[in-house]
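J.: The structure under discussion is supplied below as structure tokens; questions concerning it will follow.
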């Protein structure tokens, strides 16, 4: 039976090679060649000019991930303590926004954050703007708006894995800890927190990776002034300056940095069980 | 001799209006090995959790050393628990699991939080590892241990805190038979060595009889009987206890006078007294207390319908006037043969009628798997208490 | 103590939900807006829902999205399930190695996956092209297509590729938990191996398959980035259509379709939840309760003798689905087609319908964001266009790089209607490649209510007094060109020092925070809503902004005194375009006077068709019953004295273009 079944894996392996491995290899080839496909390292040496974009991307993504963690963890934790009905409804509510396209939801934020948008209109109505002596509070086009967009879009990706780990925690472990003398704070610190670490790690990955590479969010909420790695890459492929070789090189470096971060992170949380994706 | 340590007085517990414990009265002595025995759903685990502090009884009191501790949280009780599936911390190794309780800062009398020094923790953990025979395993991960080893870690983790009482919730349920027997002896040895109270929950009557000083038989959220293993076996209080502990033929009888009980319209001598004249009673006759005699010498006469060889003895099913008895004997009587039986007065035990009367039929459906079937019959948790209403 | 604790945590959960749902509720509310703003409420109306079904772009993208998601989900679920089963019968070591590879698409940033797939497809197409050419040259029995482009197939492949890992991830745990004994038992009881697989294994792992399929479908629906890089030009998903629109103005029709999709999912969720809750209640109450009528009907329906009814229904549904898909693909596929790429809101959609009716040719109308974007699209092999409408300087570049096909003007009799001053312009001196589409000027658009003085100079763009209120145009040629005008240099200069000086002017203002953002079509929404005070854009677009300006906003347009750019956008045909006959027909149709009139009225860009230009004021009066505001007409079709101070962009040499590119990227970082 075993051998017969393992044949099922063959087409899959071929498919993975074709659609996952080869495309990445082609990208690597592009990264190391010029437009005439001659070997070069120029694409990488040119990248020094974009250090500030790298720094901005990683900084904003890091801030967004932290905020997601700070909001997402307590929410997951509290949700896991509620009754089954509450949990079911809450989960559905968290999944539901994904069915409305993220571009639209982000666009909706634009109309909230604009200089003449709903929030500023609201501030004006309550007299806050007059109090501060300004016409509007600048929100759109700031790094804060981009971070908000990231937190808004990727918060569910933090809540889902953390929640699913916490809710599956064996209740008797918590009882055992209390039985051994730990009060609620200690139970949380010594048992719940370390055991939910795999969920946190996968949540962090699932928020950080799309954040660092986004281009739509920074385009819409950053007003083009907050260029991120994603914008830079898009610019080289379908944007204003066409240079797929440079784009491939940037993608590769970004990928390498992200993978390195993740390896370090997983080392840090090693042996905390398998990372529970989704 | 022994001093009372824990007392449950009139404890009742209900979840969502469903009563799972109904007026439990129980005291537990210091250094006693007490077993809560009963089918699943009988309330034994609930009782244990009340003592452990994981549940607060709906009404009634829990006293520890004479002090009411109803609302004292588990981490403030000098009671530790060995959980059903051990509940070992998967993110910690053996050593750290055992040291878990020791590493928690304790508030001393002056309200000062104090940590145990590392050296003392190390010494106590190593000592415990010695006691449970796990020296050299301290760096192992929990997942790398066998069931028996996990069991020992769980015991060590609880005992290292030097509790006054250790609660064990079906701790051997997940082990195979051989390991179970070894661990039974091991637990008994540890209890003697440490000199503390063990409260043990099981549904396995053999285990209960073998290990305990006192057995508490429970069903339907009520205590059916408290006594030494011998008492429980020899003098069951009602049909439930008689049926649950060991094999028994339970018959309807009428107490004609002190020392005389009538079964199948025949009078038998017995040792029981204190019943009303002509009171309807349940009569228990253990299969090993029945002697087979030639047909004409018997007090009752019947036909052998089935014989099973059990190694030490034969299990024979005999039909007496349409009621099938189980008899354990060393002499073979072939199927279809007519036999007579004799029962000594001390082989007959008379009980008052109870709600369980008539619930346990004869042995007409007896098979080799009888034990398993009877166990399975008790159904899932909660059902037993539900029936009561 | 504990109670208040819980109330507190619930309050915070509630706040998080408010945060998650506020923008969504806003979107839904504004789908019922009578106006077309997404910030100003003008009364309740269901108008947009009606219009939605008539909007071909949106309906087609919804269809593409649903089709791709469904197909990708079905394929990925089947493939992923078998793959997971296969993986779990491999040895531990090999399985783990493969699972690591399996995780790559999930852990990798979407943009990297998208980009690598895009490069892969393009490389494959090139390889295929040379193979097909060789193959066709050595034999003539089978003709292989030589030119493959990104499209629905590549989009589907990409979706399947990123969906499979999610399916495997969901099926794998079920396989891990699965007891293998029942499989053996089934075979012991006489099942064939296959029978046991269907009857025992599949039901066992079904929950995993279902949740895997659900997640795959959700991911497909929500995906934008990977689609963006792999769909090419001929098929766009809803997300891509929305992205195209977010740059300009999201029409409330999009709000409407999103609301519909959202509500249908909501209803499904509520129903399935209710079912579960009811089932639980029933279990708790026991069977004592009388079943309701609906339940009785369902019970009856699930009796074995109704098996054929159920099977028939399922078959009918399946046939229906296949039929709809088939019909739609027939409608969209089999007719002759012309692929047009233009700019956003740059055509009267009625013209497309009219052309389709008259000729039976289907118009696949796409838009690009800017000349530079269009160029990238063409270069990356993602485009399958026949007709494009680039601006003058880009046409020069495309001609120089041999990317355009000379036109057969005998097939375009309406070319004769184009005024002579728009022919033989420097970008196409012999007029071999182009049919002019529109022309206009670049100028400053400003909100007169937000600026104290009248603006006449480009200098206003770099003025600190307007800090945070200026929108910089997001294309290098215009942005640096404006500075060149301001400095008094030629806008077509190739002197690096001059260009650098112009750049420094822009960069300095950028550093000082004068610019609120770098935008293209976002200008519409920002200027109309009064969210910025000054921007530079094209005359025609100014006019449509005026039409939509919010209360308290008073937009004005000026061609600065230092001079500005005047431009011609012209239709061209791409080299080796597959539908050349249709392309010529399209160009001829658009060049006609009627089409030019309709277009001018719709997009407010001046027409190169002399007759149309002349007739327009008259036509307008007839159409709307009021005279045309001649001031606006003058802005649209700039009079000679304005055109005098305007220059046309010319294509620059490669070195200068590279300098532009580098400076432009430098500005962004």
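Values in this text are rule-based calculations from the coordinates and carry no lab data. As the structure is a computational prediction, the values presented were derived from the model and not from experiment. Cβ sites come from the backbone with ideal geometry, for glycine too, and all protein chains shown count toward neighbours.
J.: With a cut-off of 14 Å, note down the residues of region C:576-618 whose backbone N falls inside the zone around a label point 7 Å from the Cα of residue C:411 toward its beta carbon.
T.: C:576-590
J.: At a Förster distance of 56 Å, what's the computed FRET efficiency of residue C:644 paired with residue C:666, Cβ-Cβ distance as r, to 0.05?
T.: Using R0 = 56 Å, I get an efficiency of 0.95.
J.: Then there's this: Between residue C:354 and residue A:88, how many nm apart are label points set 7 Å from Cα along the C-beta direction?
T.: So the label points at residue C:354 and residue A:88 sit 5.7 nm apart.
J.: While we're here: What order, most packed first, do the peptides B:49-55, A:145-151, C:569-575, C:412-418 have when packing is the mean number of other Cβ atoms within 10 Å of each residue?
T.: A:145-151, C:569-575, B:49-55, C:412-418
J.: How would you classify region C:359-444 from its alpha-carbon gyration tensor, with a ≥ b ≥ c the square roots of the eigenvalues: rounded for a/c under 1.5, else prolate if a/b is greater than b/c, otherwise oblate?
T.: Since a/c stays below 1.5, the shape of region C:359-444 is classed as rounded.
J.: With each label point set 7 Å from Cα along the Cα-Cβ vector, what nm distance links residue C:658 and residue B:346?
T.: Calculated label separation equals 11.3 nm.
J.: Based on the alpha-carbon gyration tensor of region B:45-126 and its eigenvalue square roots a ≥ b ≥ c, which shape applies: rounded if a/c is under 1.5, prolate if not and a/b is larger than b/c, or oblate?
T.: Judged from the Cα gyration tensor, region B:45-126 comes out oblate (a/c at least 1.5, b/c at or above a/b).
J.: Between residue C:131 and residue C:561, what FRET efficiency follows from the Cβ-Cβ distance if R0 is 45 Å, with the result rounded to 0.05?
T.: Numbers: r = 59 Å, r/R0 = 1.32.
After rounding, the FRET efficiency stands at 0.15.
J.: Principal axes first, then extents: for the Cα atoms of the protein assembly as shown, list largest minus smallest coordinate on each axis, whole Å, largest first.
T.: Over the protein assembly as shown, Cα extents along the principal axes are 138, 80, 64 Å.
J.: Moving on. Only bridges with both residues in the protein assembly as shown count here: give the DSSP antiparallel percent, nearest 5.
T.: 70
J.: Okay, next question. How well do other chains shield peptide C:257-265, expressed as the mean number of their Cβ atoms within 10 Å of each residue Cβ?
T.: Mean partner shielding for this stretch: 3.
J.: Would you mind ranking A:91, A:228 so that the residue whose beta carbon has the fewest other beta carbons within 10 Å leads the list?
T.: Lowest count first: A:91, A:228.
J.: While we're here: Just tell me how shielded C:370-377 is by partners: mean number of partner chain Cβ atoms within 10 Å of each residue's Cβ, no decimals.
T.: 4
J.: Can you compute log10 of I(q)/I(0) for region C:581-649 with the Debye formula, treating each Cα as one identical point scatterer, at q = 0.15 Å⁻¹?
T.: Computed log10 I(q)/I(0) values: -0.56.
J.: Let me ask something additional. Taking every DSSP beta bridge with both residues inside region B:4-232, roughly what % is antiparallel (nearest 5)?
T.: 55
J.: Quick check on packing: order C:13-23, C:583-593, B:221-231 by the mean number of other C-beta atoms within 10 Å, highest mean leading.
T.: So the peptides C:13-23, C:583-593, B:221-231, ranked by packing, come out C:583-593, B:221-231, C:13-23.
J.: Give the distance, in whole Å, between the Cα centre of region C:29-60 and the Cα centre of region A:38-83.
T.: Region C:29-60 and region A:38-83 have Cα centres separated by 36 Å.
J.: For region B:4-232, rounded, prolate or oblate, judged on the Cα gyration tensor with a ≥ b ≥ c (square roots of eigenvalues), a/c < 1.5 rounded, else prolate if a/b > b/c?
T.: The shape class here is oblate.
J.: With just the Cα atoms defining each centre, how far is region A:128-181 from region C:72-123? Give it in Å.
T.: That distance is 30 Å.
J.: Under 20 Å from the 7 Å Cα→Cβ point of residue C:550, by amide nitrogen: which residues of region C:236-277?
T.: Only C:245-256 fall inside the zone, counting backbone N under 20 Å.
J.: If we count other beta carbons within 10 Å of each Cβ, what is the order of A:29, C:559, C:40, A:162, fewest first?
T.: Going from least to most buried by this count: A:29, C:40, C:559, A:162.
J.: Mark the label point 7 Å from the Cα of residue C:457 along Cα→Cβ and return the residues of region C:527-566 whose backbone N is within less than 19 Å of it.
T.: Only C:534-536, C:557-565 fall inside the zone, counting backbone N under 19 Å.
J.: Going by average Cβ neighbours within 10 Å, how do the peptides C:255-264, C:538-547, A:241-250 rank, with the highest at the top?
T.: A:241-250, C:538-547, C:255-264
J.: Label residue B:265 and residue C:138 with points 7 Å out from Cα along Cα→Cβ: what is the distance between them in nm?
T.: Spacing of the two 7 Å Cα→Cβ label points: 10.8 nm.
J.: Work out the mean other chain Cβ neighbour count within 10 Å for the residues of A:179-192 and drop it here as an integer.
T.: 6
J.: Taking every eigenvalue of the Cα gyration tensor of chain C, multiplying by 5 and rooting it, what semi-axes result, largest first, whole Å? Before the final figure, lay out the partial values.
T.: Values: eigenvalues 547, 200, 143 Å².
Calculated on Cα positions only, the semi-axes equal 52, 32, 27 Å.
J.: A further question follows. Please arrange B:273, B:237 by counting, for each residue, the other beta carbons lying within 10 Å of its beta carbon, fewest first.
T.: Lowest count first: B:273, B:237.
J.: State the extension gain, in nm to one decimal, for the chain segment bounded by residue B:252 and residue B:176, taking 0.36 nm per residue of separation less the distance between their alpha-carbons.
T.: Values: separation 76, 0.36 × 76 = 27.36 nm, distance 3.86 nm.
Result for the pair: 23.5 nm of gain on full extension.
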